[in-house]
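Working notes, beginning with the structure itself.
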Amino acid sequence: MSGEPYRRAQVDPLAGLRTPADPPWDVYLTGTVFLDIIFTGLDSAPVRGTESWARGMGSSPGGVANMATALARLGLKTSLAAAFGDDHYGEYCWDTLEHGEGIDLSPSRTVPGWHSPVTVSMAYEGERTMVSHGHEPPPEEPAPDCPPRARAAVASLVPGERASWIAQAARKGARIFADVGWDDTGAWDLAGLADLEHCEAFLPNAQEAMRYTGAECPREAAHALTAHVPVAVVTLGAEGAYAVDGRTGETAVVPAIAVEALDPTGAGDVFVAGFVTGTLADWPLADRLAFAGLTAALSVQEFGGSLSAPGWSEIGAWWRKVQSLEAQDPEALRRYAFLADLVPDEQGRPWPLRRAVPTIGFRRSA
């Protein structure tokens with residue numbers, strides 16, 4: 001693939017599975033890219049009629065870029081179809097994703113005269129407050145109705161709507177992983193999620209799963225969902241996650257990893273990216289779920305959405321750190337023992353690691 005921006009990551013989780021007949025991409029996704037401006041170091045929520053000063057600020061691509069970046073940093077060849085404004089914000093997001101993260105943007109388009117959607121996020125006390133602005137892009141931009149061949153695709157289902165690209169991707173052999181947002185209509189009708197029929201895995205949170213199924217607890221909801229999709233994964237917030245493979249009857253539950261949460265932006269996207277990675281690598285269900293939870297936990301220790309997505313250096317540094325802790329629970333270590341043969345050997349690197357936060361307008365060093 002001439003001009004392909006994909007760069008080989010430190011770890012290729014699919015190395016043992018790749019063949020010359022593989023699709024060109026591991027994962028395809030489409031959606032809206034925002035410019036995220038993140039204010040950090042706020043002591044409290046802004047108060048009406050006052051001016052608040054933040055101790056830190058960063059800028060990064062957001063929206064669907066959170067998921068694309070998380071996938072790419074885990075070593076998956078990632079292709080994204082999105083509309084980009086022809087302003088400086090759009091140029092910055094394009095450059096960051098293509099050259100900074102190695103994401104394929106050949107299905108994406110720059111839309112003349114359309115300004116980039118922007119979100120301002122204020123992080124404080126482990127929570128966030130966001131304000132967004134944007135306009136709908138022209139309906140023909142981008143054009144995701146002919147998705148490239150990929151091992152998998154990640155979709156966000158919309159109640160009452162079909163996205164034709166999902167069925168097309170599935171017909172081309174892509175394994176579809178889907179999440180869903182809050183149903184503002186209040187219907188909570190699984191029949192309204194028409195594209196669920198094309199999905200291999202559905203990953204709602206506990207409240208969404210229970211509302212869609214009428215179940216009284218998240219685990220019951222996960223089992224009920226397997227009547228509609230082969231694999232159901234229900235995230236339980238601070239309690240971890242629960243998964244059921246309806247094809248085999250296999251179940252898995254993992255507790256959440258206790259970390260200091262600075263900013264939850266993008267954690268759900270990172271969780272999905274971790275689960276997709278483990279699935280494509282053909283790991284056992286419990287390992288996939290544990291890896292997804294770990295990557296999400298590492299992400300909330302950093303500020304920003306795509307900025308916070310961990311790569312293999314962060315994962316390896318965490319693994320070496322927890323093994324060195326005194327009185328570490330042996331059972332907990334065994335839960336993540338599968339990482340031992342995956343993480344790069346970078347002894348001496350500190351954990352947790354801190355990424356540099358970029359600011360628009362700085363010149364590149366030579």
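Some points to look at:
- Helices of the chain meeting both criteria, an alpha-carbon length of 15 angstrom or more along the long axis and an average Kyte-Doolittle score not below 1.0, with helices taken as full DSSP H segments, are 267-280, 285-299.
- Full-stretch length increase - residue 226, residue 164 - with 0.36 nm per residue and alpha-carbon distance subtracted: 20.0 nm
- Projecting the Cα atoms of 146, 284, 53 onto the charge dipole of the chain, computed from C-beta unit charges around the Cα centre, puts 284 farthest toward the positive end.
- Inter-label distance, nm, simple model (7 Å from Cα along the C-beta direction), residue 32/residue 256: 2.7
- Coil-residue GluC sites (Glu not before Pro) of the range 194-242, DSSP, other Cβ within 10 Å capped at 15: 216
- Rolling a 1.4 angstrom probe over the protein heavy atoms with all chains in place gives the chain an accessible area of 47 Å² per residue.
- At most 16 other Cβ within 10 Å, DSSP loop - trypsin sites (Lys or Arg not before Pro), the range 149-247: 149, 162, 172, 247
- For the range 181-256, a crude dipole built from +1 on the beta carbon of Lys and Arg and -1 on the beta carbon of Asp and Glu, taken about the Cα centre, is about 180 debye to the nearest 20.
- Each Cα pair under 8 Å and six or more residues apart adds its separation to the average, and for the range 1-109 the resulting relative contact order is 34 percent.
- Cleavage-rule hits, chymotrypsin sites (Phe, Trp or Tyr not before Pro), the range 54-139, DSSP coil, Cβ neighbours within 10 Å at most 15: none
- Size of electric dipole in the range 11-142: Cβ of Lys, Arg +1 and of Asp, Glu -1, about Cα centre, debye, nearest 20: 280
- Other residues whose C-beta falls under 9 angstrom from the C-beta of residue 61 contribute a net charge of -2, scoring Lys and Arg +1 and Asp and Glu -1.
- Dipole moment magnitude, nearest 20 debye, the chain about Cα centre, only Lys, Arg, Asp, Glu C-beta charged: 820
- Relative contact order for the chain, counting Cα pairs under 8 Å that sit 6 or more residues apart, in percent: 16
- In the chain, the portion of solvent-accessible area held by carbon and sulfur atoms comes to 51 percent [1.4 Å probe, whole percent, DNA, RNA and ligands not counted].
The values are calculated or read from the model by the stated rules, or taken from the named source; none is laboratory data. On a predicted model such as this, the values are computed, not experimentally measured, just so you know. Note that each Cβ is placed from the backbone with ideal geometry, even for glycine, and that neighbours are counted across all protein chains shown. The area values use the complete protein model at the heavy-atom level, side chains included, leaving out ligands, DNA and RNA. Shrake-Rupley method; radii C 1.70, N 1.55, O 1.52, S 1.80 Å.
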